[in-house]
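Novice: I have a structure I would like to understand better, so I am pasting it below and will then ask my questions one at a time.
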Amino acid sequence: MMRLTLMLAMAMLLSGCNLPNPYAPPTPPRQVPGGAPSLPPSPESQTPVETLPAPEPVPEPSPAPPPREYQLSSASRSLVDQAHAQMVAGNFVVAAGSIERALRIEPNNPLLWIELGKLRQAEGNHAQAENLGRKALSLATGDPRTQSSAWRLVAESLRARGRGPEAREAEARADALVLR
């Protein structure tokens, strides 16, 4: 019984969907060129006019952005200068500390990773120098000059470990970036 009542209610609800809206304002009669009003057109006699959307404007290609150029902040520059002086004095541990302090200021600056790699190279830690050069490469996107410096660090560390063919390939990559 409940099912029958539910089906009847649903049928009545759906049949009401096809009735005209009693709350819609009446359509005014159209005037025909003889002065007599005519009946509004029935919905069946009207054919919908299909309008095409206006074509979207084609955007002009934007000019390529200028290559990025990494630089050191003044604080990092001061710490790197201290590290250079400490390296010349042969104090690699203190020099590494200075560069590591600069890296805490600018951890995503590839120039600092290259500096730390050069320090490790000077210490004789060629494998770590290569890793630091590759870290700099991963951060130096968009700056061919910095990428070239990182490839040169990688090449020097490979050459120091007797991996000549790989070192030449890294050198070639560094040279190709400079020639752009």
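Throughout, read-outs are computed from the coordinates displayed, never taken from laboratory work. This is a predicted model, so every value here is computed, not measured. Don't worry about glycine lacking a Cβ; one is built from the backbone with ideal geometry, like all the others, and counts go over all protein chains shown.
Novice: How large is ³J(HN,Hα), in whole Hz, for each residue of the stretch 79-87 in order, when computed from phi with the Karplus curve 6.51 cos²θ - 1.76 cosθ + 1.60 and θ = phi - 60°, using x for Gly and Pro?
Specialist: 5, 5, 4, 4, 4, 4, 5, 5, 5
Novice: Could you tell me which of Asn109, Leu137, Ser78 has its Cα farthest along the dipole of the stretch 64-180 towards the positive end, charges placed at Cβ (Lys, Arg +1; Asp, Glu -1), taken about the Cα centre?
Specialist: Leu137
Novice: Further question on the same structure: Counting residues in the stretch 74-178 as N, plug N into 2.2 N^0.38 Å and put the Cα Rg over that result. If you can, show how the numbers build up before the last one.
Specialist: Details: Rg = 13.3 Å, N = 105, 2.2 N^0.38 = 12.9 Å.
Expressed relative to 2.2 N^0.38 Å, the Cα Rg reads 1.03.
Novice: Continuing with this model, one more query. Order of 158-169, 90-101, 142-153 by packing, highest average Cβ count within 10 Å first? Could you put the intermediate results ahead of the total?
Specialist: Working: 158-169: 14.7, 90-101: 16.4, 142-153: 21.6.
Averaged packing, sorted descending, gives the order 142-153, 90-101, 158-169.
Novice: Here's something else I'd like to know. For the stretch 121-138, in order, what is each residue's ³J(HN,Hα) by Karplus, 6.51 cos²θ - 1.76 cosθ + 1.60 with θ = phi - 60°, in whole Hz (x at glycine and Pro)?
Specialist: Karplus-based 3J(HN,Hα) across the stretch 121-138 equals 5, 5, 6, x, 8, 6, 5, 5, 4, 4, 4, 5, x, 5, 4, 4, 4, 5 Hz.
Novice: Place a +1 charge on the Cβ of each Lys and Arg in the stretch 116-180 and a -1 charge on the Cβ of each Asp and Glu, then give the dipole magnitude about the Cα centre in debye, rounded to the nearest 20. Display every interim value, and only then the final one.
Specialist: Numbers: 12 positive and 8 negative charges, 9 e Å.
Dipole size: approximately 40 debye.
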